[in-house]
Amino acid sequence: MKQTRYDWVYVLGAACPTSGKTAGLISPYLNTDVVNAFFDQMAQEIDDGVHVVMIWDQAGYHTSGKLKVPDNITPIALPPYSPQLNPIETLWHYLRSHHWANRTYNDYDDLRHAACDAWQNVCLDPQTIKTVCNVNYI
């Protein structure tokens with residue numbers, strides 16, 4: 001008998017379908033503090049004079065009273081049960097289907113490295129992001 005063990009790695013990301021710019025954070029867990037850290041990092045990467053509108057779902061860590069949204073970011077909550085309206089969902093699907101799914105990882109470090117490698121190979125290529133995250137309503 002073999003014991004099945006699961007480890008999780010969470011990838012937080014934002015992508016601009018127009019410019020192809022991305023911001024990402026990899027974490028072993030996901031909660032409001034991690035989202036705040038992502039916001040802090042992302043806010044520093046935004047060019048002066050630019051204001052980012054971020055589309056996202058209504059997960060608990062997105063609606064927490066402890067959430068600290070920087071002044072240069074405005075989140076817009078999607079209606080419940082409508083992830084297909086979020087362009088980042090196509091990126092997650094792409095990363096899963098091309099880089100993460102149907103693979104085994106020896107340990108947490110292998111899983112984390114796979115997340116980093118996929119991010120670097122896909123998300124740091126603006127043309128890929130423009131193609132993958134393109135939606136006609138933006």
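Can you give me the angle between helix 32-45 and the longest principal axis of the chain, using Cα atoms only, in degrees from 0 to 90, rounded to the nearest 10? Helix 32-45 sits roughly 60 degrees off the main axis of the chain. By DSSP, the beta bridges lying fully in the chain are antiparallel in about 55 percent of cases.
Among the chymotrypsin sites (Phe, Trp or Tyr not before Pro) in region 46-99, those located in a DSSP loop and surrounded by at most 10 other Cβ atoms within 10 Å of their own Cβ are TYR81. Residue order for LYS66, LYS21, LYS130, fewest other beta carbons within 10 angstrom first, comes to LYS66, LYS130, LYS21. To test your reading of the geometry: what angle, between 0 and 90 degrees and rounded to tens, separates the Cα axis of helix 108-118 from the longest principal axis of the chain? Approximately 50 degrees, to the nearest 10. The Cα-based radius of gyration of the chain, divided by its Kirkwood radius, gives an Rg/Rh of 0.97. Applying 1/(1 + (r/R0)^6) with R0 = 25 Å to the Cβ-Cβ distance of ILE46 and TYR137 gives a FRET efficiency near 0.65. Couplings for region 24-31, taken from phi via the Karplus curve 6.51 cos²θ - 1.76 cosθ + 1.60 with θ = phi - 60°, read x, 8, 10, 9, x, 8, 9, 7 Hz in order; Gly and Pro are left as x.
Since every read-out is calculated from the coordinates, none of them should be taken as a lab result. Note that the coordinates shown come from a computational prediction; the quantities given were computed from them, not determined experimentally. Cβ sites come from the backbone with ideal geometry, for glycine too, and all protein chains shown count toward neighbours.
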